[in-house]
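Undergrad: First the structure, then my questions, so here it is.
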Amino acid sequence: MTGRLFAALGDRLAGQVVASARGEVPGARVRAGAERLAAWLDGLDGLDGHGQAGGPLVAACGTAVGTLVATLAGDLAAVPVVHVDPLDPAPPAGLRVGDQPGPAEGGYRDPELGVYADRGTAGDAPAGAAPHTQTFLTSGSTGAPTGVVRGADAILADGRRVAQFLGYRPGSPVVVAVPLHHAYGFNYGLVAAILAGSGIYHCGPRTIPSQHARAAARTGARVLIAHPAHYRTAAQEAARVGGPVLGPFERAVSAGAPLPPGAARDIARWHQLTLYNCYGSSEAGAITLSPVDGTEAPGDIGVPLPGVEVRLGERHGDVGGELLVHTSSLADGYLGPDGVRPLRLDGGWLRTGDLAELDGGRIRLRGRIASVINVDGEKVNPEEVERVLAAHPAVADVDVRGEPDLLRGQVPVAHVVLRAAVPDADLLAWCRARLAPAKVPRRFQAHAELPRTATGKRIRHDR
């Protein structure tokens, strides 16, 4: 049975171009490559509808062409696909598809498109994902990466919502400067663009604003999909030269981590484009896309996208209530060695784990439930403390965590990266002048840097 993804994307892709610095590949050739790989998968001895003979199809592709071929081939052959970082030295076991040649015997080779497959490695392959699903690993910012299983209907609903809201249009490619093995790049940069007939120009994550600008000038692209670090670089460069550096883009999207302080302001100052901050997740897809210019209130992420509903669940003192989301783009669940376990739902509404307030339909994030510090019964939001410390001239980065305390249960402790040496007493006085007593850190610990993911998101430790 032809999968819904192949049916929805295959014909649309045939009339588009998938481009990068390596050149242009007609979408019809990409579709044909997916059909060839699907035929190879169909011919493997003992492969059942769940890909269990060798695990799932593990897509370890750094190119848009490879990612699309693996995605569509797996969907066409009814083999679940797991998307992983191509640089991961220890990917899941399974039928591996990548951009580099595999074993000469018994493998699949398509040098014309640069797509290769082999049996991969045996062992602890994740099992239980249904045919026609795509699994994406979360960033691991709150622990070990988790596989989020997304069905075709959820992926397509998310792609259509994004394309319509951002005004993707036929013949105007989307420039993608983020990894495609993450749900963000996959949904915004591939699925939404194909559904809209836009075409794709994949720059890749290790690129700079001048490369994005050249891609837009060369292709007529008007939408950029990038990470906060790209906009930080663009803002710094624009301030240095006193003018725009991102070329003719009309809309740009940031997701994966908070925008660096001042980046939105400087992008707005030097460019005519609209910069959108995306709030979403692998579990729910896009939830909000809010224009930002640096004047927003802390935590303000705008209003839900059309077709997305939100409400607040259980409150946690004055810190806020848990944000619950209802959307047609919900994932199927989480993939583990024992199969797919369900999402955390409350009557069909996704429990995001984020604390929020709702004001006139707008969402204002207040932190994470797991991050709330319970100081002798008083709930402390570490992000509020972090904002206060981040405003200190000597503090370059900060992470506030709850640590056990015999008298109070927990107390806040601030881990800081300093621009210049400053006594703890100065930091303490700064906090005492701006925070209630329970929120003032009991200790300050200096670090050379704080750990972050490849996308710039801080890695959260248990608090």
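The values are calculated or read from the model by the stated rules, or taken from the named source; none is laboratory data. Only a predicted model underlies this, so the values are computations on that prediction, with no experimental measurement involved. Glycine gets a Cβ as well: all are built from the backbone with ideal geometry, and neighbour counts include every protein chain shown.
Undergrad: Collect the residues in region 167-190 that are over 30 Å from L450 (Cβ atoms) and surrounded by fewer than 24 Cβ atoms within 10 Å (Cβ to Cβ), keeping them in residue-number order.
TA: G167, R169, P170, G171, S172
Undergrad: While we're looking at this one, here's another question. Conditions: (1) surrounded by fewer than 21 Cβ atoms within 10 Å (Cβ to Cβ); (2) within 15 Å of the chain's Cα centre (by Cα). Q211 meets all but one. Number of the miss?
TA: (2)
Undergrad: Considering only residues that are under 16 Å from A38 (Cβ atoms) and assigned to a helix (DSSP H, G or I), which ones fall in region 57-112?
TA: Passing the criteria: V65, G66, T67, L68, V69, A70, T71, L72, A73, G74, D75, L76.
Undergrad: Would you check if there is a residue in region 405-417 being in a loop (DSSP other than H, G, I, E, B) and either touching a residue at least 60 places away in the same chain (Cβ under 8 Å) or of a type in the set (D, E, K, R) (or both)?
TA: yes
Undergrad: Here is a further query. Name the one entry in L407, L355, L389 that is closer than 26 Å to V292 by Cα and either assigned by TED's automatic domain parsing to the domain that holds G320 or modelled with pLDDT under 90 (or both).
TA: Only one candidate passes the filter, namely L355.
Undergrad: Moving to a separate point now. Give region 214-257 a look and list any residue that's within 24 Å of the chain's Cα centre (by Cα), assigned to a loop (DSSP other than H, G, I, E, B) and either over 12 Å from W270 (Cα atoms) or among the polar types (S, T, N, Q) (or both), or say none.
TA: Residues satisfying the conditions are A221, R222, H227, F249, E250, A255, G256, A257.
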